[in-house]
Amino acid sequence: MMHAAGSLAIVGLGPGAAEWITPEATQALAKATDIVGYGGYLDRVPCRDGQRRHASDNRQELDRARQALRLACNGRDVAVVSGGDPGVFAMAAAVFEAVESGEQPWRDLDIRVVPGISAMQAAAARLGAPLGHDFCAISLSDNLKPWEAIARRLVAAIEGDFVIAIYNPASKARPRQIHDAFALLRKRKSVTTPVAFARAVGRPDERLVVTTLGEADPDLADMSTLIVIGSSTTRLVVHGSASPWMVTPRGYGDGR
């Protein structure tokens, strides 16, 4: 017996604060009959009567995507939850990779991506305006790509004088990559380059450390940390007794 097709929403929960979840995301979560996601993200979503939860480990993205697609094919209205924005190093790519290599009926499903505030946007808001000029985002995780590719992209970003937002800088299984990245950065950039460690932004354990490339301690980073490396024009603006603002002007020269 064929089941009526349901729907699948890939929902960004933002970096942590409840007020940073968009109205569209809230509506998609309220509509869902089933919510699929990493257990830590599911804990952030209010549960309503009759709604089913499907928790999995944080590194099981493709299995999670396939589970959500099968549920939707069986007539369920499914929400796959993702921290930050689902299109930035997150679940949107996993779902569409699963669709591309999976069963033909998956391509006929009603699938939509519900955007969220990314970790780099939240960190930038806390820090001032570090992304005011050209920037890029690089993940240091080598679970799905070799370290050689990461190092090549870091060098290219340095040579292009981009502000760099570093995702997934360190974990218990990957303690060395962040040290290797900083060694590479210090060989090619001024030690006075502003650097910020933004940990758990929007959550109760939020911590911001604003420093310089020469003084930065890579051991401050973990999987809840986003690191912002300034460009040659990024500067620190002192204000009162708080941490300085990190600002990258919109232009070069006189700033106009």
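Structure summary
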| read-out | value |
| --- | --- |
| Restricting the stretch 201-235 to residues that are without any contact (Cβ under 8 Å) to a residue 60 or more places away in the chain and of a type in the set (Lys, Arg), the residue that is nearest to GLN121 (Cα to Cα) | ARG207 |
| Which listed residue is surrounded by 16 or more Cβ atoms within 10 Å (Cβ to Cβ) and not charged (D, E, K, R), from GLY12, GLY40 | GLY12 |
| Number of the condition not met by GLY253 [criteria: (1) in the same structural domain as ALA181 (by TED's automatic domain parsing); (2) on the phi > 0 side of the Ramachandran plot] | (1) |
| Near pairs, Cβ below 7 angstrom, 6+ apart or cross-chain, from the stretch 121-135 (touching a residue at least 24 places away in the same chain (Cβ under 8 Å)) to any residue that is among the charged types (D, E, K, R) and assigned to a loop (DSSP other than H, G, I, E, B) | GLY132/ARG250; HIS133/ARG250 |
| Every residue from the stretch 71-113 that is within 21 Å of ASP142 (Cβ to Cβ) and free of Cβ contacts under 8 Å to residues at least 12 places away in the same chain | ALA93 |
| Scan of the stretch 236-256 for residues that are among the hydroxyl-bearing types (Ser, Thr, Tyr) and free of Cβ contacts under 8 Å to residues at least 12 places away in the same chain, ordered by number | SER241 |
| Test: residue in the stretch 145-162 that is touching a strand residue (DSSP E or B) at 6+ places or on another chain (Cβ under 8 Å), touching a residue at least 40 places away in the same chain (Cβ under 8 Å) and not polar (S, T, N, Q) | yes |
| Checklist (1) under 17 Å from MET246 (Cβ atoms); (2) within 18 Å of the chain's Cα centre (by Cα); (3) in a helix (DSSP H, G or I); (4) not hydroxyl-bearing (Ser, Thr, Tyr) applied to LEU185, failing item | (2) |
| Selection within the stretch 29-59 - part of a helix (DSSP H, G or I) and under 14 Å from ALA72 (Cα atoms) | LYS31 |
| Residue that is surrounded by the most Cβ atoms within 10 Å (Cβ to Cβ) [pool: residues in the stretch 195-218 that are in a loop (DSSP other than H, G, I, E, B), within 18 Å of the chain's Cα centre (by Cα) and of a type in the set (A, V, I, L, M, F, W, C)] | VAL201 |
| Verdict on ARG153 being within 14 Å of ASP219 (Cα to Cα) and either touching a His at 6+ places or on another chain (Cβ under 9 Å) or surrounded by fewer than 20 Cβ atoms within 10 Å (Cβ to Cβ) (or both) | no |
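Rundown of residues vs (1) basic (Lys, Arg); (2) touching a residue at least 40 places away in the same chain (Cβ under 8 Å); (3) out of contact with any helix residue (DSSP H, G or I) (no Cβ under 7 Å at 6 or more places or on another chain), yes/no style:
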| residue | (1), (2), (3) |
| --- | --- |
| LYS31 | yes, yes, yes |
| ARG44 | yes, no, yes |
| ARG52 | yes, no, yes |
| ARG59 | yes, yes, yes |
| LEU62 | no, no, no |
| ALA65 | no, no, no |
| LEU69 | no, yes, no |
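The values are calculated or read from the model by the stated rules, or taken from the named source; none is laboratory data. Keep in mind the model is a prediction, meaning the values are calculated, not measured. No Cβ is skipped: glycine too gets one built from the backbone with ideal geometry, and neighbour counts run over all protein chains shown.
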